[in-house]
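The values are calculated or read from the model by the stated rules, or taken from the named source; none is laboratory data. Quick caveat, the model's predicted, so the values are computed rather than measured. Cβ sites come from the backbone with ideal geometry, for glycine too, and all protein chains shown count toward neighbours. Keep in mind that these areas ignore ligands, DNA and RNA; they rest on the heavy atoms of the full protein, side chains included. Shrake-Rupley method; radii C 1.70, N 1.55, O 1.52, S 1.80 Å.
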Amino acid sequence: MQLICGVDEAGRGPLAGAVYAAAVILNPERPIFGLADSKKLSEKKRDLLNVEIKQHALAWAIASCSAQEIDEINILQASLLAMRRAIETMQTQFDIIPDLVQVDGNQCPEISLPCQAIVKGDSKVQAISAASILAKVARDAELYELDKIYPQYGFAQHKGYPTVYHLEMLNLYGITPQHRLSYAPVKRLCQ
């Protein structure tokens, strides 16, 4: 049986918060029904699948890169680094080495394992769908926490994306330590 590790990230577009990645090796003997690209699922469905994936997968891990790391190395490199961290964490925590890593997108992180990038992989490969769900749920949880610290910004509603409301609050209250300074709408406020 070939062990496939699916990897995906969440949070490339937002103006605030970390970018998250997850790595998942599904158990072929414990299929999980309803897996899909996390963006196509309701939050309630993602939360339910998140629990099921963690219970039934052979291995899984979640990692991130902070807003500061994103500013230092750019969002693409931060996404790839978060993916590498998730894969390495999964291997360490579960002592399992996949035969192949399949990543959503068109680039693979720098890892020592065989890796394949699949465009729109989160809607084609079950393990990548599972990873997209874990990454999205973890990132949303971070934004709910940020919402408690900075309630005026509305992070719980827009999850850091550049909505009209978020941009208005940025103009009104300025930037937080969690904002990505390299992103144009935030960068403009720093000048």
³J(HN,Hα) computed for each position of the stretch 74-85 - Karplus, 6.51 cos²θ - 1.76 cosθ + 1.60, integer Hz, glycine/proline x: 5, 5, 5, 5, 5, 5, 5, 5, 4, 4, 4, 4
Long-range HN-HN contacts of C115 with modeled amide H, under 5 Å: V101
[x] 21, 20, 17; [y] 30, 18, 13; [z] 43, 19, 14, with the label sought being that of the calculated semi-axes √(5λ) of the Cα gyration tensor in Å: [y]
With all protein chains modelled, accessible area of T89 [1.4 Å, Å²]: 50 Å²
Convex hull volume per residue in cubic angstrom - Cα atoms of the stretch 91-174: 149 Å³
Cysteines without a disulfide-compatible partner [the chain; Cβ-Cβ under 4.7 Å]: C5, C65, C190
Spatial separation of Cα centroids for the stretch 45-61 and the stretch 11-27, in angstrom: 14 Å
Taking the convex hull of Cα positions in the stretch 45-133, its mean projected area over all directions (nm²): 6.1 nm²
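A 28 angstrom limit on the alpha carbon distance is what I want to check against. Which of K54/K124; K124/K187; K120/K148 exceed it? Intermediate values should be presented prior to the final figure.
Working: K54/K124 20 Å; K124/K187 36 Å; K120/K148 34 Å.
From K54/K124; K124/K187; K120/K148, over 28 Å: K124/K187; K120/K148.
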Length released on extending from E72 to L181, taking residue separation times 0.36 nm less the Cα-Cα span: 38.3 nm
Relative contact order for the stretch 21-149, counting Cα pairs under 8 Å that sit 6 or more residues apart, in percent: 33 percent
Carbon/sulfur fraction of accessible area - the stretch 90-191, other protein chains in place, 1.4 Å, %: 54 percent
Mean accessible surface per residue for the chain, computed with a 1.4 Å probe while every protein chain stays in place, in Å²: 49 Å²
Over the stretch 57-100, relative contact order from alpha-carbon pairs under 8 Å, at least 6 apart, %: 48 percent
